[in-house]
Amino acid sequence: MEPSRKLAVIHVVDSLDLGGLERVVADLAIAQTAHGHRVTVFSINDTAGFRADLEAAGVPVVIGGKRRPLDVGVLRALRSSARSLRADIVHTHNFVPSYYAALAMLFNRHATLVNTCHNMGGRLSNRRLRMLYRWSLARTRRIAMVGQQVHDQLVANGTARAQLAEVVHNGIPIVRHADPVAARVDARRALGLSEHDGPVIGCVGRLVELKNHRIVLEQVPALLASFRRLKVVLVGEGPLSADLQALADGLGIADRVLLSGPRNNVQALLPAFDVFALPSLTEGLSIALLEACAAGLAVVAGRVGGNVEVISDGDNGRLFAPTDGTALQGILHELLRDDALRGRLGAAARHRVELHGSVDVMRASYDAFYQRALGGTEAALPQGLTR
């Protein structure tokens, strides 16, 4: 295969709702289209989210319209889309899309099936999902893991075969603000923050247990003793929204905490923050983290998953054990009182992302990944399964 060959690629996702995985797929599909590939995104479920961004960039979106478990209509629609595109690559993202595509492509000898695993595989504790994912990976030519931690875990537990698995890091569009001061003013205005609010600790992510927002809020009462205008902004939505608001009320900090809800312009909001906190209990390779680094923010992140592949403690950010509130409080206090330290860490974080975490680097990495898949051999099914 010639490295410059343009391919027909169909990305298969659960949905395009606002989230890190979906953002990666949208950015990758747009970059691939700009590079000359013919790209379609197939969403198993009805969706909005990033759909408008994709279509505005000339990337067709096909909706499968899933109505029931293992929906045969979705399988037919996916098979038809791959046939119409004459897909060279069917690129699935995470677990359900992987087995849907494996079933849909059973008799398609033209398309090559590849998968990206975007997280540490927590959902695979479900026996049925684990079985179906492993079955689909047996029909998959290559498997990309978004970080070394993800790779090592899924290979070690037998989910993925080492000879088919490799690390392909996430990337993001790198945005430069012509006037950082104006960007900060605009971002704070967009969040409804006044000129008297600050410093600001920002978090971006789904409001779910694993994102561990609670530990940040629990440090606020002590921090207010030194930073009486401190504000915490949580960007995102999820089932814990009411619980986090209740926690803020109970801690007496409701006026210091802003739950902004979901936003589709996170990069434009990041200049509002002085410190970015990612206290997650588990992560693959967080897009929110990469975006915070690209914005030149001082970051404090849990020492888990792919966070340690992005942040080197003390060099371009800070790491802490995500159950250690005392350590988090100390780091936040240090960062909030030291403008020079925040500036140094933020500049180093941005430099790292510019070199290794851009969407252009990711697109080129996936081009090479596809070529290895197209030149590879098909894996055998697990013992006991037949074609």
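Structure values in brief
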quantity: Residue that is nearest to residue 262 (Cα to Cα) [pool: residues in segment 224-247 that are among the hydrophobic types (A, V, I, L, M, F, W, C), out of contact with any Asp or Glu (no Cβ under 9 Å at 6 or more places or on another chain) and buried (at least 21 other Cβ atoms within 10 Å of the Cβ)]; calculated: 235
quantity: In segment 111-166, residue least open to solvent (accessible area, probe 1.4 Å) [restricted to those that are within 29 Å of residue 38 (Cα to Cα), assigned to a helix (DSSP H, G or I) and of a type in the set (S, T, N, Q)]; calculated: 136
quantity: Close pairs (7 angstrom Cβ cut-off, 6 or more residues apart or separate chains): touching a residue at least 24 places away in the same chain (Cβ under 8 Å) and among the hydroxyl-bearing types (Ser, Thr, Tyr) in segment 272-288, open to solvent by 10 Å² or more (accessible area, probe 1.4 Å) and outside any loop (DSSP other than H, G, I, E, B) anywhere; calculated: 280/210; 280/211; 282/122; 282/210; 286/20
quantity: Qualifying residue in segment 277-291 (condition: under 24 Å from residue 24 (Cα atoms) and either in a strand (DSSP E or B) or in contact with a Cys (Cβ under 6 Å, 6 or more places away or on another chain) (or both)); calculated: yes
quantity: All positions within segment 248-274 that are open to solvent by less than 20 Å² (accessible area, probe 1.4 Å), over 19 Å from residue 227 (Cα atoms) and part of a loop (DSSP other than H, G, I, E, B); calculated: none
quantity: Contacts under 7 angstrom Cβ, first residue in segment 90-110 being over 19 Å from residue 146 (Cβ atoms), partner assigned to a strand (DSSP E or B), 6 or more apart; calculated: 100/12; 102/113; 105/90; 105/113
quantity: Residue pairs meeting the criteria (Cβ under 7 Å; at least 6 apart or on separate chains; first free of Cβ contacts under 8 Å to residues at least 60 places away in the same chain, in segment 210-239; second among the hydroxyl-bearing types (Ser, Thr, Tyr) and part of a strand (DSSP E or B)); calculated: 233/260; 234/260; 235/260
quantity: For residue 319: the one exception among (1) crowded, with 24+ Cβ neighbours inside 10 Å; (2) modelled with pLDDT of 95 or more; (3) in contact with a Ser or Thr (Cβ under 9 Å, 6 or more places away or on another chain); calculated: (1)
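The values are calculated or read from the model by the stated rules, or taken from the named source; none is laboratory data. What you see is a predicted model, and the numbers here were worked out from it, not measured in a lab. Glycine also receives a Cβ, built like all others from the backbone with ideal geometry; neighbour counts cover every protein chain displayed. Ligands, DNA and RNA are stripped out before the accessible areas are found, and what is left, the full protein with its side chains, is counted by its heavy atoms. Shrake-Rupley method; radii C 1.70, N 1.55, O 1.52, S 1.80 Å.
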